[in-house]
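Engineer: There's a structure below that I have some questions on.
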Amino acid sequence: AQSVTQLGSHVSVSEGALVLLRCNYSSSVPPYLFWYVQYPNQGLQLLLKYTSAATLVKGINGFEAEFKKSETSFHLTKPSAHMSDAAEYFCAVSPAGSARQLTFGSGTQLTVLP
Amino acid sequence: NAGVTQTPKFQVLKTGQSMTLQCAQDMNHNSMYWYRQDPGMGLRLIYYSASEGTTDKGEVPNGYNVSRLNKREFSLRLESAAPSQTSVYFCASSELGSGEQYFGPGTRLTVT
């Protein structure tokens with residue numbers, strides 16, 4: 001069984017400030033981990049993914065995430081928020097090598113304040 | 001490339017009516033998925049098709065049926081719509097085993 005918990009359904013940051021979105025996972029087997037972004041009235045778009053290579057993963061739009069096995073975490077960060085980063089972000093997990101059981105967290109709505 | 005396309009974009013049904021949501025992808029992916037998105041619950045898998053000719057239930061299959069028409073197309077049918085099926089429905093596709101899914105723009109369904 002696998003699950004994902006995203007801490008904080010809403011996060012607000014000022015433009016230029018650090019973005020930190022938290023994700024903890026539970027998986028009985030080595031996982032693949034993903035962050036997706038959803039802009040208003042659109043489908044989800046992959047930001048980045050961890051598939052057991054480097055633990056620090058860089059994605060699009062300046063985002064990165066670090067896989068920490070000891071903490072079962074995969075937090076998403078960006079050094080400096082931009083207004084265009086305002087969106088909903090989803091963490092997801094699947095068993096390594098499987099595309100079938102992609103389990104999503106409940107999402108974090110990011111607001112960027114001017 | 002269009003990627004993943006879904007029709008219709010919006011739909012309003014009365015309780016008991018039926019409808020089919022259409023999905024097509026032009027990326028030659030083997031696997032396709034149907035999700036529903038409800039506020040505060042993330043995305044939940046309804047059905048998936050790992051490859052052409054196969055379909056399997058996901059987390060919330062009750063009240064739905066699917067058809068993998070060919071490699072490109074994967075449809076979702078509601079036989080007798082209920083208000084609890086009011087949601088936004090997303091179709092996605094991926095290469096088998098990659099985990100990287102590509103999503104369509106969604107269908108916003110309201111059942112009154």
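The values are calculated or read from the model by the stated rules, or taken from the named source; none is laboratory data. None of these values were measured; they are calculated from a predicted model. Here the Cβ positions follow ideal geometry from the backbone for every residue, glycine too, while neighbour counts run over all protein chains shown. Ligands, DNA and RNA are stripped out before the accessible areas are found, and what is left, the full protein with its side chains, is counted by its heavy atoms. Shrake-Rupley method; radii C 1.70, N 1.55, O 1.52, S 1.80 Å.
Engineer: All but one of (1) modelled with pLDDT of 95 or more; (2) over 26 Å from residue A:40 (Cβ atoms); (3) over 15 Å from the mean Cα position of the chain (by Cα); (4) not β-branched (Val, Ile, Thr) hold for residue B:62; state the number of the condition that does not hold.
Structural biologist: Only one criterion in (1) modelled with pLDDT of 95 or more; (2) over 26 Å from residue A:40 (Cβ atoms); (3) over 15 Å from the mean Cα position of the chain (by Cα); (4) not β-branched (Val, Ile, Thr) is unmet by residue B:62, namely (3).
Engineer: In this structure, is residue B:54 outside any strand (DSSP E or B) and modelled with pLDDT of 90 or more?
Structural biologist: Yes: the conditions hold for residue B:54.
Engineer: For the range A:1-82, give me every one of the strands (runs of 3 or more DSSP E) that falls completely inside it and has 3 or more residues that are of a type in the set (A, V, I, L, M).
Structural biologist: Correct list: A:19-27, A:44-50.
Engineer: Scan the range B:85-98 and give yes if some residue there is touching a His at 6+ places or on another chain (Cβ under 9 Å), more than 9 Å from chain A (Cβ to nearest Cβ) and surrounded by 14 or more Cβ atoms within 10 Å (Cβ to Cβ), otherwise no.
Structural biologist: Yes, the conditions are met somewhere in the range B:85-98.
Engineer: Looking at (1) over 23 Å from residue B:98 (Cα atoms); (2) open to solvent by 70 Å² or more (accessible area, probe 1.4 Å), which is the one condition that is false for residue A:39?
Structural biologist: Result: residue A:39 fails condition (2) only.
Engineer: Would you mind stating whether residue B:27 is within 14 Å of another protein chain (Cβ to nearest Cβ), within 30 Å of residue A:108 (Cα to Cα) and exposed (fewer than 15 other Cβ atoms within 10 Å of the Cβ)?
Structural biologist: Taking the combined requirement at face value, the residue satisfies it.
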